[in-house]
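Okay, so here's the structure we're looking at.
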Amino acid sequence: MQSIRTWRNRMGLKRYPGMSELTITADGGGSNGARVRLCKVELQKFADETGMTMNVHHYPTGTSKWNKIEHRLFCQITQTWRAKPLASRAAVVELIAATTTKTGLKVESALDEKTYEKGIKVSKTEMAQLDIRGDTFHPDGNSSVHPRPK
């Protein structure tokens, strides 16, 4: 969630003033998977904090190859850092930020040095308090998280 929060604060608010919804496409596995409770809790916190509805669409398991952004972006990043030593996190971030394409894509990146707590458990009670609504099309992987009344 921190990466989305950073994007919103650094770029999103300037480019899309007054946005009330944000759509996120996510891989089906890992820490942002459709079944990961902590991800849902963090999405809810972000929706509550910003007042935005978060529309989340997960790629089905094993289909991240369909993620066009991932393929178009990562191949360019790979070209940028080819034959360059990835000696530090700062070097990786700088090389990613140096990525551009002939069509005008310019990549922005930042190093998140925050330490995150491991092993956070989310209870059924906490889950019941979330305002998450499954979409009519594959509600198990597609949903919207609505801000709760304050």
When you go through (1) surrounded by 10 or more Cβ atoms within 10 Å (Cβ to Cβ); (2) touching a strand residue (DSSP E or B) at 6+ places or on another chain (Cβ under 6 Å) one by one for LYS106, which number turns out not to apply?
(1)
Which residue is nearest to CYS75 (Cα to Cα), if the candidates are limited to the range 109-125 and must be in contact (Cβ under 8 Å) with a residue 24 or more places away in the chain and open to solvent by less than 80 Å² (accessible area, probe 1.4 Å)?
ALA110
Out of the range 50-85, which residues are part of a helix (DSSP H, G or I), under 22 Å from SER144 (Cα atoms) and open to solvent by less than 50 Å² (accessible area, probe 1.4 Å)?
THR50, SER64
Only one of these is within 15 Å of SER3 (Cα to Cα) and either modelled with pLDDT of 95 or more or not charged (D, E, K, R) (or both): THR23, THR61, THR53. Name it.
THR23
Yes or no: the range 134-148 includes at least one residue that is assigned to a helix (DSSP H, G or I) and of a type in the set (Ser, Thr, Tyr).
no
Starting from the range 4-29, keep only residues that are closer than 13 Å to LEU43 by Cα and of a type in the set (D, E, K, R), then list their pairs with residues that are surrounded by 12 or more Cβ atoms within 10 Å (Cβ to Cβ) and modelled with pLDDT of 95 or more whose Cβ atoms are within a distance under 8 Å, requiring at least 6 positions of separation or different chains.
ARG5/PHE46; GLU21/MET52; GLU21/THR53; GLU21/MET54; GLU21/ASN55
Single condition ASP140 does not satisfy, out of (1) in contact (Cβ under 8 Å) with a residue 40 or more places away in the chain; (2) open to solvent by 60 Å² or more (accessible area, probe 1.4 Å); (3) within 25 Å of ARG5 (Cβ to Cβ); (4) of a type outside the set (Gly, Ala, Ser)
(3)
Can you tell me how many residues within the range 28-49 are at pLDDT 75 or above, touching a strand residue (DSSP E or B) at 6+ places or on another chain (Cβ under 8 Å) and not in a helix (DSSP H, G or I)?
0
Say we look at the range 86-103 and pick out the residues that are open to solvent by 100 Å² or more (accessible area, probe 1.4 Å) and not in a helix (DSSP H, G or I); which of these is nearest to TRP7 (Cα to Cα)?
THR103
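The values are calculated or read from the model by the stated rules, or taken from the named source; none is laboratory data. What you are looking at is a predicted structure, and each value in this text was computed from that prediction instead of being measured. In this analysis, Cβ positions are derived from the backbone assuming ideal geometry, glycine residues included, and neighbour counts consider all displayed protein chains. What goes into the accessible areas is simple: the full protein's heavy atoms, side chains included, and nothing from ligands, DNA or RNA. Shrake-Rupley method; radii C 1.70, N 1.55, O 1.52, S 1.80 Å.
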